[in-house]
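The values are calculated or read from the model by the stated rules, or taken from the named source; none is laboratory data. Note that the coordinates shown come from a computational prediction; the quantities given were computed from them, not determined experimentally. Positions of Cβ are backbone-derived with ideal geometry, glycine not excepted, and every protein chain shown enters the neighbour counts. Areas reflect the complete protein model, heavy atoms only, side chains present, ligands, DNA and RNA absent. Shrake-Rupley method; radii C 1.70, N 1.55, O 1.52, S 1.80 Å.
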Amino acid sequence: MDPERQPWRLDERRRRWFDLGLVGVLLLPVPPLGVSVGLVSAGLSLLQIAPLVVRRRWPVAVFAAVAVASLLQAVVVDEPVWGQVAFPVAVYSVARFSRALPAAVALAVGICGALVASYDWLQEFDQLTPSAYVSYVLFISAIVATAWALGTLGRTRAAYVAALVERGEQIRREAAQQVELAAGEERSRIAREMHDVVAHGLSVIVVQADGARYAAARDPDIAARTLETVAATGREALTEMRRMLGLLRAGDTGTRPQPRLDDVAVLVAEAQTAGEDVEATLPPPDAAATVPAGVALTAYRVVQEALTNVRKHAGPGARTRVVVSVGPAIEVLVEDDGRGAASADDGRGLGLVGMRERVAVHDGTLTAGPRPGGGFRVSARLPL
């Protein structure tokens with residue numbers, strides 16, 4: 001809302017000055033009344049008007065003080081006094097600044113006061129007739145009821161505005177929390193992608209570089225081909241990293257398609273080119289093409305991470321078996337006969353954690369652990 005169009009409201013300091021001004025204006029006629037009518041009427045008026053100074057802070061106590069002073073007036077004098085104008089103000093204050101029950105009590109007290117005051121005044125002036133009495137009661141009760149209604153309306157409106165403000169703050173907090181959760185999920189997703197790309201690419205590069213170093217002295221042609229594979233793998237990893245980092249920059253979401261189930265064959269070929277003993281059983285292309293992109297990417301990443309772990313932990317000479325089947329669910333199995341189950345774990349790896357998170361997104365299951373007879377096994381099931 002435009003600040004220039006917001007409704008004007010009194011702040012705390014101006015409210016105090018308003019109440020002081022109100023009491024001051026109402027007390028202006030009191031000194032002349034003390035001269036013309038008498039000190040008793042002036043004193044009663046002072047007792048009724050003065051408590052209004054603190055009507056916002058203690059509305060019930062102020063009303064009680066005004067009501068007691070009005071009752072004292074009915075006992076001491078038999079005619080109206082100027083200070084009675086404080087009674088509807090006190091009723092309004094209770095209805096506006098207190099709760100519904102004290103406001104209802106103030107209304108009932110005001111109506112009872114109308115009955116008593118009308119009888120007392122009319123009897124004093126010898127005009128106590130049924131019609132005059134009813135007229136006086138209705139007139140005074142209408143004043144009291146109007147003050148109560150205005151106060152109640154102000155209280156309910158203030159409560160409504162406060163509820164709207166609180167609701168707006170709650171919505172703002174919930175929106176901020178949703179943004180934080182979404183940002184955290186996106187960071188976790190990008191971290192998993194980065195880990196898969198970097199860990200797999202670097203592991204292939206390290207293995208190929210070691211092979212090229214040993215083969216360089218005996219067969220330079222093999223070393224040259226191996227270095228070509230290293231360069232291609234590095235370029236592919238850089239491309240993947242640029243694509244994912246582009247997700248973090250506004251206006252650049254990347255256009256390269258995500259790996260699918262057919263690309264598992266590329267992972268197997270890379271491992272075999274690197275000199276690893278990998279046997280693979282993969283689904284036919286027509287079956288792989290029917291798998292949803294998200295599930296296919298998860299299966300691809302599971303195989304990629306499992307092969308990376310074999311390369312890092314299984315040791316030299318390990319044989320690896322990769323099985324991917326498509327049916328009511330995608331079944332992924334990657335197992336080796338190396339020493340990965342006995343290798344030291346520094347506790348900082350994110351591979352298995354990332355695989356479990358990916359599989360859980362698709363309501364799948366993943367088991368990873370030592371294989372009977374030695375080695376390590378990763379098995380995942382992804383419902384379709």
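Give, in nm to one decimal, the length gained when the segment between Glu331 and Ala289 is fully stretched (0.36 nm per residue of separation minus the Cα-Cα distance).
So the chain would gain 13.6 nm between Glu331 and Ala289.
Which value in nm describes the separation of the simple spin-label points at Ala360 and Ala162, placed 7 Å from the Cα toward the beta carbon?
Using points 7 Å along Cα→Cβ, the separation is 4.3 nm.
With +1 assigned to the C-beta of every Lys and Arg and -1 to the C-beta of every Asp and Glu, and no other charges, what is the dipole magnitude of the stretch 17-100 about the Cα centre in debye, to the nearest 20?
Computed charge dipole of the stretch 17-100: roughly 460 debye.
Roughly how many debye, to the nearest 20, is the charge dipole of the stretch 104-179 about its Cα centre, given +1 on each Lys and Arg Cβ, -1 on each Asp and Glu Cβ, and no other charges?
Roughly 540 debye, rounded to the nearest 20.
Measuring from centroid to centroid over Cα atoms, what is the spacing of the stretch 19-59 and the stretch 87-164 in Å?
19
Could you give the length gained on full extension between Glu169 and Leu39, defined as 0.36 nm per residue of separation minus the Cα-Cα distance, in nm?
That pair, Glu169 and Leu39, stretches by 41.3 nm at full extension.
Local charge sum around Ala117 (other residues, Cβ-Cβ under 12 Å, Lys/Arg +1, Asp/Glu -1)?
-4
Net charge near Arg377: determine it from the other residues with C-beta under 12 Å of the C-beta of Arg377, scoring Lys and Arg +1 and Asp and Glu -1.
-1
Give me log10 I(q)/I(0) at q = 0.12, 0.17, 0.18, 0.25 Å⁻¹ for the stretch 20-100, Debye formula, one equal scatterer per alpha-carbon, no solvent.
-0.31, -0.61, -0.67, -1.14
Which whole-number value in Å² is the accessible area per residue of the stretch 123-180, probe 1.4 Å?
75
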